[in-house]
1. I'm trying to understand the selection: among the residues of the stretch 192-212, which are loosely packed, with under 12 Cβ neighbours inside 10 Å and either of a type in the set (V, I, T) or modelled with pLDDT of 95 or more (or both)?
2. What pairs come out if I take residues in the stretch 93-116 that are away from the ligand (no atom under 12 Å from the Cβ) and pair them with residues that are of a type in the set (S, T, Y) whose C-beta lies under 6 Å away, six or more apart or interchain?
3. For the stretch 259-274, how many residues are assigned to a loop (DSSP other than H, G, I, E, B) and either away from the ligand (no atom under 11 Å from the Cβ) or over 30 Å from E317 (Cβ atoms) (or both)?
4. If you go through the stretch 163-176 one residue at a time, do you hit one that is touching a residue at least 60 places away in the same chain (Cβ under 8 Å), surrounded by 14 or more Cβ atoms within 10 Å (Cβ to Cβ), aliphatic (A, V, I, L, M) and under 20 Å from V88 (Cα atoms)?
5. I'd like to check something: does the stretch 297-319 contain any residue that is of a type in the set (A, V, I, L, M, F, W, C), in contact (Cβ under 8 Å) with a residue 40 or more places away in the chain and assigned to a loop (DSSP other than H, G, I, E, B)?
6. Name the residues in the stretch 337-357 that are small (G, A, S) and either in a helix (DSSP H, G or I) or without any contact (Cβ under 8 Å) to a residue 24 or more places away in the chain (or both), would you?
7. Consider the stretch 53-66. How many of its residues are open to solvent by less than 20 Å² (accessible area, probe 1.4 Å) and more than 18 Å from the chain's Cα centre (by Cα)?
8. In the stretch 120-179, what residues are of a type in the set (S, T, Y) and in contact with a Lys or Arg (Cβ under 8 Å, 6 or more places away or on another chain)?
Amino acid sequence: MAKPKYTTHLGMVDILPGEVEKWQTIERIVRETARHFNFEEIRTPILEQTELIARGVGQLTDIVSKEMFAFERGDDQYVLRPECTAPVARSYVENHLDQRGGTQNLFYIGPMFRAEKPQKGRQRQFHQFGAEIIGSADPVADVDIIAFMMSIYNRIGIKNTSLKLNSVGDPESRDEYREALKDHFRPHLDEMSEISQKRFETNPMRILDSKEEEDQPFIESAPIILDFLNEECAEHYDRVKELLDALQITYEEDSHLVRGLDYYTKTAFELTSPDLGSQDALGGGGRYDLLIEEIGGQPTPAVGFAAGMERLLIACEALGISLSDEKSVDIYVVTIGDAARKWALVHLPELRNKGLSATMDYAGRSVKSQMKDANRENAHYSIIVGENELSENKFTLRNMKESEEVTLSLEEIIKKLT
Ligand code: HAM
């Protein structure tokens, strides 16, 4: 086949008919779960101010320093949102959502953009569903968010996941921890990877995230943040674990879990799957008690998660979980001649208005190829309309699976099928 002149950008894919149905199933399950957990949907623009994302996510993160799709237009600096927590926080402040009273339990579904090197489970335009509880400092909110996330995977049937849990403390405990980490890594820097040497200067906690083999011995022996938590953060962490136990949600404490976004405080978590390969995080999140103040709002504690739709689909595929029914249509109207085609066009709405899905031939093909087309569309019934049928107002209704035919008026057909 000739190479097409226009293609999608690297790391951006079309979601085609046949695939879209799986997405609709996931979206339906997310919405149903959100309703059961009493979360409301929020939709924010795809473009945000670059400054919001830089401040919110953190200047030194990979996302902000290397992966933003950003551009200028006039005096404005736009960025395609790389995630949705900072945008939701912006919206909360801008629209005074606190005045609605209570905590704001919000969820979203939509595309995000990061200029990463594409690989399996990693795209430049990808899709997330996520949720945020804004206005609660209580560990109950952390655990409810985790339960919401887990519930979606359970409903879909993905059960062999592993929930990793850590606390990243608050800025004060992190400052102390960072110094301890630096003291630990400093004597070995020469033996460590180039990327970790860079992170040593900019963000030493991210060294713990390194997958480079030469770094592993030093990471294994590194001090852990839990030993640096102040009393409040330590109590919060203990309570989160106690509540997870009460809900019988199993987790694994992972003192190296630092996450790639700077806004986290206290709880950090990630859900991984062995079916994903190297990009094994299905979703992740945590508490971000300082973000809203950082972007100009009142001090407001919050916690949330986001999960990748593409990775969820990869996991479903690996586990043989089918998310879509086979494509089908209730009725295919087979027409012979122009008058019959006009009749079909005029009467299809009567079938559709009764809740039946119905289609016809749009290309003036022979009866034989229309029947073939009806089979390709997986039609349950066909209605055959020719000159005789029109003059007698009686039509052949054919059950395509059973190959049985009856002759009926349109009213009788509708009655029989509804
Ligand atoms: P994140 O860990 O950056 O967190 O992303 C969440 C999930 O989005 C990942 O676990 C992964 O499944 C998916 N994901 C991320 N990048 C890509 C990519 N390039 N291609 C495909 N999937 C990807 C956040 O975005 C935070 N906003 C989560 C959060 C919400 N924290 C608090 N509230």
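The values are calculated or read from the model by the stated rules, or taken from the named source; none is laboratory data. Note that this is a predicted model, so its numbers are computed, not measured. Because the Cβ atoms are built from the backbone with ideal geometry, glycine has one as well, and the counts that use them run over all protein chains shown. Ligands, DNA and RNA are stripped out before the accessible areas are found, and what is left, the full protein with its side chains, is counted by its heavy atoms. Shrake-Rupley method; radii C 1.70, N 1.55, O 1.52, S 1.80 Å.
1. T202, the sole residue that qualifies.
2. T103/S136
3. Residues that pass the stated criteria total 4.
4. Looking for residues that are touching a residue at least 60 places away in the same chain (Cβ under 8 Å), surrounded by 14 or more Cβ atoms within 10 Å (Cβ to Cβ), aliphatic (A, V, I, L, M) and under 20 Å from V88 (Cα atoms), one finds none in the stretch 163-176, hence no.
5. no
6. A339, A340, A344
7. Final tally of qualifying residues: 7.
8. Y153, S167
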